[in-house]
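Below you'll find the structure, written out as structure tokens, and then a few comments.
The values are calculated or read from the model by the stated rules, or taken from the named source; none is laboratory data. Because the structure is predicted, anything quoted here is derived from the model rather than measured. No Cβ is skipped: glycine too gets one built from the backbone with ideal geometry, and neighbour counts run over all protein chains shown.
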Amino acid sequence: MTLVLRARDVHKTYRTDPPVPVLTGVDLELRAGERVAVVGRSGSGKSTFLNIVGLLDTPTSGQVELLGQDTGALSAHARDRLRAGTLGFVFQEHHVLGHRTVAENLEIAASISGTPRARRPALVSAALARVGLTGRQQALGRLLSGGEKQRLVLADEPTGSLDPQNAENVLALFDEQAAAGVAVLVITHDDRIAAWADRTVRLRAGRLEKGVRW
């Protein structure tokens with residue numbers, strides 16, 4: 001299978017006084033179609049690692065490759081283009097524009113990813129139908145429940161505010177993506193996701209422990 005992500009000896013230290021090391025030599029490879037869960041206590045560096053491999057942050061040292069490209073060697077513009085064209089996010093926080101409608105939030109995401117304007121309405125309708133939000137196109141983002149917002153964005157702890165049925169729906173969506181060859185990396189405290197994943201790794205003291213049994 002195609003290697004999608006390779007993280008090599010990734011370190012991250014926050015330059016406070018004194019400096020705070022968060023990641024201390026993380027290695028991980030992720031191939032197309034794999035579903036990998038990263039578990040660990042709060043403050044173990046899970047979200048920091050996700051931000052680094054998602055090109056939202058940079059490591060203090062080490063290398064992150066996406067689809068064979070060394071992301072550390074790319075310009076800021078090239079990193080933005082790679083992120084927009086390659087990565088989807090489901091954030092722990094609800095990154096929804098409260099003053100825009102549900103449909104407008106989705107169309108903004110589609111425009112960022114380069115979807116032609118003429119195709120966006122059909123994609124928005126299909127996406128809302130898939131997650132049970134048909135009829136909510138004109139609702140304002142600030143009026144959506146926490147769970148509804150979370151299903152509109154591509155996140156860390158994706159099932160954190162969802163009831164069991166909608167959590168299953170999210171996992172089914174991830175299964176569809178994996179079946180289509182998309183690699184899925186999930187940061188979680190949810191036992192269901194850890195059991196569902198093909199592989200589970202644990203972050204402890206800034207390092208990944210592989211072969212975790214759940």
Discussion item. List the helices (runs of 4 or more DSSP H) inside segment 29-120, counting only whole elements, that have at least 1 residues being within 17 Å of the chain's Cα centre (by Cα) and modelled with pLDDT of 85 or more.
Written reply: 46-53, 76-86
Discussion item. Considering only residues that are surrounded by 18 or more Cβ atoms within 10 Å (Cβ to Cβ) and among the aliphatic types (A, V, I, L, M), which ones fall in segment 23-38?
Written reply: Leu23, Val26, Leu28, Leu30, Val36, Ala37, Val38
Item to complete: Return a yes/no flag: does segment 25-32 have any residue that is β-branched (Val, Ile, Thr) and closer than 21 Å to Ala84 by Cα.
Response: no
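Would segment 138-153 turn up any residue that is at pLDDT 70 or above and crowded, with 17+ Cβ neighbours inside 10 Å? Quick ask: steps written out before the conclusion?
Residues of segment 138-153 at pLDDT 70 or above: none.
The answer is no; no qualifying residue exists.
For segment 164-185: of the residues being under 26 Å from Val22 (Cα atoms) and touching an Asp or Glu at 6+ places or on another chain (Cβ under 8 Å), which is surrounded by the fewest Cβ atoms within 10 Å (Cβ to Cβ)?
Ranking the candidates gives Ala183 first.
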Practice prompt. Taking only segment 172-192 into account, find how many residues are at pLDDT below 85 and under 25 Å from Gly43 (Cα atoms).
Written response: 4
